[in-house]
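Accompanying notes for the structure given below.
The values are calculated or read from the model by the stated rules, or taken from the named source; none is laboratory data. Predicted, not measured: the structure shown is a model, and the values here were computed from it. In this analysis, Cβ positions are derived from the backbone assuming ideal geometry, glycine residues included, and neighbour counts consider all displayed protein chains.
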Amino acid sequence: MSRRKWGVVLLGLIFAITLVGFLYTPYDPNQVQVVARFQPPSKTHLFGTDHFGRDILSRIVVGGRVSLFVGIGAVSLGSILGIGLGLVAGFRGGVWDEVIMRISTSLQAFPSILLALLFATIWEPGIQVILWSVSIGNIPNFLRLTRSQVLSIRKRPFIEAARALGARDGRIMLRHVIPNLQDALLVQFSVSLAGAILLEASLSYLGLGIQPPAPSWGRMLREAQNYTALAPWTLFPGLFIALTVIGFNLFGDSWIFRREEVDKGE
């Protein structure tokens, strides 16, 4: 199987499990059953139970919603802002380029985890902390990628032809520049999603993300770290994090190889 197929299979599996969780979970993910704590995987509990007797499979399914929602939502917001600023910086140049690139450099000076700590002092730790820290952290990535691509594209003959026909800058960017950015932006979006999933898990692990009793893959790993020797099946959330990240990376890599094959063909 190709990289893309493996990526689609892994992501399809994760998304399918998450979507099914909106309609059905084997158990209430927050139901505490002390008598059922630390049960190994079985027909009753496919992934076993945790230290509170909660069904791990049900919590993984519900926790997947948080990871995917935060990842897609935050990266989408960061990409919209970054692409917009990158288009202006690359196409207009001059003072616009100078100001926007200084903003990008300033944003890069603050890692997402540091931003999360800052936002956690403003709001209570929760989903809004993750959304803002991840989205702001992704702006410079999309901004610089878009700018570099636009600087190359704006020198091509079809851009000069559009200008000669009287097309305005806004129309040129929408009709001629953005369509030529799709492959590069799709790769960046896929890679950024993988990073966002990891960052969400990291922030939840540190206690800055989703708060208990709501399930989150990172929070579940935090709770499982004291019981790994007794109940190694409590580490299943880590497997789902790994599969999701690998899926997004494989999908993104497949577009890189596709672009290289197209370039060779030209």
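The residue of the range 195-250 that is surrounded by the most Cβ atoms within 10 Å (Cβ to Cβ), among those that are in contact with a helix residue (DSSP H, G or I) (Cβ under 6 Å, 6 or more places away or on another chain) and of a type in the set (D, E, K, R), is GLU200. Quickly run through the range 70-95 and pick out the residues that are closer than 19 Å to GLY126 by Cα and either in contact with an Asp or Glu (Cβ under 8 Å, 6 or more places away or on another chain) or crowded, with 24+ Cβ neighbours inside 10 Å (or both). Once the filter is applied, which keeps residues that are closer than 19 Å to GLY126 by Cα and either in contact with an Asp or Glu (Cβ under 8 Å, 6 or more places away or on another chain) or crowded, with 24+ Cβ neighbours inside 10 Å (or both), the range 70-95 yields VAL70, GLY71, ALA74, VAL75, GLY78. Comparison of THR44, THR25, THR18 shows that the only residue that is among the hydroxyl-bearing types (Ser, Thr, Tyr) and touching a Ser or Thr at 6+ places or on another chain (Cβ under 8 Å) is THR25. Go through the residues of the range 110-119 one by one and say whether even a single one is within 23 Å of GLN182 (Cα to Cα), aromatic (Phe, Trp, Tyr) and out of contact with any Pro (no Cβ under 6 Å at 6 or more places or on another chain). The answer is no, given that none of the residues of the range 110-119 is within 23 Å of GLN182 (Cα to Cα), aromatic (Phe, Trp, Tyr) and out of contact with any Pro (no Cβ under 6 Å at 6 or more places or on another chain). So in the range 111-140, with the set limited to residues that are surrounded by 15 or more Cβ atoms within 10 Å (Cβ to Cβ) and free of Cβ contacts under 8 Å to residues at least 60 places away in the same chain, which one is nearest to TRP96 (Cα to Cα)? It comes out as PRO140. Within the range 156-215, the set of residues being under 30 Å from GLN33 (Cβ atoms) and hydroxyl-bearing (Ser, Thr, Tyr) comprises SER202, SER204, TYR205. Please specify each residue of the range 160-180 satisfying the condition of being outside any loop (DSSP other than H, G, I, E, B) and more than 33 Å from the chain's Cα centre (by Cα). GLU160, ALA161, ALA162, ARG163, ALA164 - these are the residues of the range 160-180 that are outside any loop (DSSP other than H, G, I, E, B) and more than 33 Å from the chain's Cα centre (by Cα).
Out of the residues in the range 127-148 that are polar (S, T, N, Q) and in contact with a Phe, Trp or Tyr (Cβ under 8 Å, 6 or more places away or on another chain), state the one that is farthest from LEU186 (Cα to Cα). Full working, then the answer.
First, the residues of the range 127-148 that are polar (S, T, N, Q): 128, 133, 135, 138, 141, 146, 148.
Subset that is in contact with a Phe, Trp or Tyr (Cβ under 8 Å, 6 or more places away or on another chain): 128, 133.
Working: GLN128: 25, SER133: 21 Å.
It comes out as GLN128.
Hey, among LEU57, LEU10, LEU77, which residue is within 29 Å of GLY247 (Cβ to Cβ), at pLDDT below 90, assigned to a helix (DSSP H, G or I) and of a type in the set (A, V, I, L, M, F, W, C)? Going through LEU57, LEU10, LEU77 in turn, just one is within 29 Å of GLY247 (Cβ to Cβ), at pLDDT below 90, assigned to a helix (DSSP H, G or I) and of a type in the set (A, V, I, L, M, F, W, C): LEU10.
Determine whether PHE52 is closer than 19 Å to ALA242 by Cα and surrounded by fewer than 23 Cβ atoms within 10 Å (Cβ to Cβ). No; evaluated as a whole, the condition is false for this residue. Just one of the listed residues (GLY252, GLY238) is under 17 Å from ILE56 (Cα atoms), small (Gly, Ala, Ser), at pLDDT 75 or above and assigned to a helix (DSSP H, G or I), namely GLY238.
Listed here are the residues, each with its yes/no results for (1) within 19 Å of ILE197 (Cα to Cα); (2) not aromatic (Phe, Trp, Tyr).
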position	(1), (2)
LEU77	yes, yes
PHE91	no, no
ILE103	no, yes
SER106	no, yes
LEU114	yes, yes
LEU118	no, yes
GLU124	no, yes
